[in-house]
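Visitor: Would you mind keeping the following structure in view while I ask a few things?
The values are calculated or read from the model by the stated rules, or taken from the named source; none is laboratory data. Because the structure is predicted, anything quoted here is derived from the model rather than measured. Cβ: placed from backbone, ideal geometry, glycine included. Neighbour counts: every protein chain shown. Just the protein is used for accessible areas: all its heavy atoms, side chains included, with ligands, DNA and RNA removed. Shrake-Rupley method; radii C 1.70, N 1.55, O 1.52, S 1.80 Å.
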Amino acid sequence: MNQDYIKPDNWSIIEEGFEKERVKSSESLFSLGNGAMGQRANFEEKYSGPTFQGSYIGGVYYPDKTRVGWWKNGYPEYFAKVLNAPNWIGINVLVNGETLDLNTSKNVEDFRRELNMREGWYTRSFKATLPNDTIIEVKITRFLSLDHDEAGAIKYQIKAINQDSALAFHPYLDSGITNEDTNWDDQFWNTTGVTTDGSQAFIEAHTMKTNFATCTFMESRLYHNNELVLEKPLEALSETTAVHQFKQNIKKGDTLTLVKFGGYTVSTNHKPKELISAAKKFYKRLPK
């Protein structure tokens with residue numbers, strides 16, 4: 001993939017203009033990491049075009065059996081695969097009943113993303129015309145903390161441009177993930193618990209064979225024109241997902257913002273039975 005579309009800058013990697021064939025390449029170029037976890041620059045909202053989902057936890061691996069035969073003398077029988085971890089960044093978005101998906105949008109303008117290497121944040125912004133002719137402006141900022149390296153934050157802002165709109169944010173956790181490059185289509189994760197507590201949600205899972213225990217967590221807050229909306233989200237749970245549903249009607253020109261905190265607590269840092277309580281301790285540090 002030719003990466004000449006990246007604009008030169010002293011401290012940032014910058015892309016301007018939306019081209020579908022560049023999405024997977026840019027997911028790599030705009031990746032974030034803080035030493036304890038890393039993420040490809042996947043879109044938070046649904047994207048039905050070609051994409052490579054990737055979230056990773058430092059030190060968590062799986063012994064994937066190689067496909068080479070006995071004739072490869074000296075070749076290891078297994079190798080340590082860095083696993084695609086449960087997804088905490090997902091935020092599905094509906095606008096007047098239409099799912100936001102840049103792959104199916106009628107038009108995408110002013111698309112820009114920037115990875116600031118000096119301050120450690122990633123932003124993406126665009127104006128989209130959806131199939132139902134609703135026009136919205138979107139700006140997303142993502143950050144992985146160094147002070148609390150098990151956690152990160154996402155600020156997802158939507159402005160109604162051409163009409164009053166009914167917006168819905170569905171932040172979610174998902175442990176039903178796969179690795180595209182698995183040698184034998186192994187199931188790497190075993191989900192043991194999916195729970196919610198108000199605006200907080202938790203998925204407990206452990207790796208097969210290596211038995212690394214993890215808790216993927218999230219907490220979300222909704223703001224209408226920067227005013228906190230005191231609304232308890234609806235819940236939708238499955239064996240591998242936890243979804244919170246926020247809905248709000250806004251006027252033309254108004255902005256609705258979802259702030260989502262999330263991350264991983266891991267048995268390498270905590271006792272396996274205390275992973276949820278460790279995540280809740282992080283929540284208590286957040287400003288109210």
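Visitor: Give the residue, chosen from LYS280, LYS260, that is open to solvent by 40 Å² or more (accessible area, probe 1.4 Å) and not hydroxyl-bearing (Ser, Thr, Tyr). Please lay out each step first, then the result.
Guide: Details: LYS260 fails: open to solvent by 40 Å² or more (accessible area, probe 1.4 Å).
The match here is LYS280.
Visitor: Still on this structure, I have one more. Please specify each residue of the range 146-167 satisfying the condition of being small (Gly, Ala, Ser) and surrounded by fewer than 17 Cβ atoms within 10 Å (Cβ to Cβ).
Guide: ALA166
Visitor: Give the residues of the range 207-216 that are in contact (Cβ under 8 Å) with a residue 60 or more places away in the chain, of a type in the set (S, T, N, Q) and not in a strand (DSSP E or B), sorted by residue number.
Guide: Answer for the range 207-216, where residues must be in contact (Cβ under 8 Å) with a residue 60 or more places away in the chain, of a type in the set (S, T, N, Q) and not in a strand (DSSP E or B): just THR210.
Visitor: May I pose another question? Taking only the range 216-242 into account, find how many residues are under 25 Å from GLU137 (Cβ atoms) and either of a type outside the set (Val, Ile, Thr) or within 19 Å of the chain's Cα centre (by Cα) (or both).
Guide: The total comes to 12.
Visitor: Okay, next question. Name the residue that is nearest to LEU286 (Cα to Cα), counting only residues in the range 217-228 that are open to solvent by 30 Å² or more (accessible area, probe 1.4 Å) and in a strand (DSSP E or B). Spell out how you get there, then give the answer.
Guide: Step one: filter the range 217-228 for residues open to solvent by 30 Å² or more (accessible area, probe 1.4 Å), giving 221, 223-228.
Next, only the ones that are in a strand (DSSP E or B) stay: 221, 223-224, 227-228.
On the way: ARG221: 12, TYR223: 16, HIS224: 20, GLU227: 17, LEU228: 15 Å.
Checking each candidate, the answer is ARG221.
Visitor: I'd like to know if the range 35-53 contains one or more residues that are farther than 19 Å from GLY90 by Cβ, at pLDDT below 95 and open to solvent by 40 Å² or more (accessible area, probe 1.4 Å).
Guide: yes
Visitor: Further, regarding this structure: Taking the conditions exactly as written (more than 18 Å from ASN92 (Cβ to Cβ), among the small types (Gly, Ala, Ser), modelled with pLDDT of 95 or more and under 21 Å from the mean Cα position of the chain (by Cα)), does GLY263 satisfy them or not?
Guide: yes
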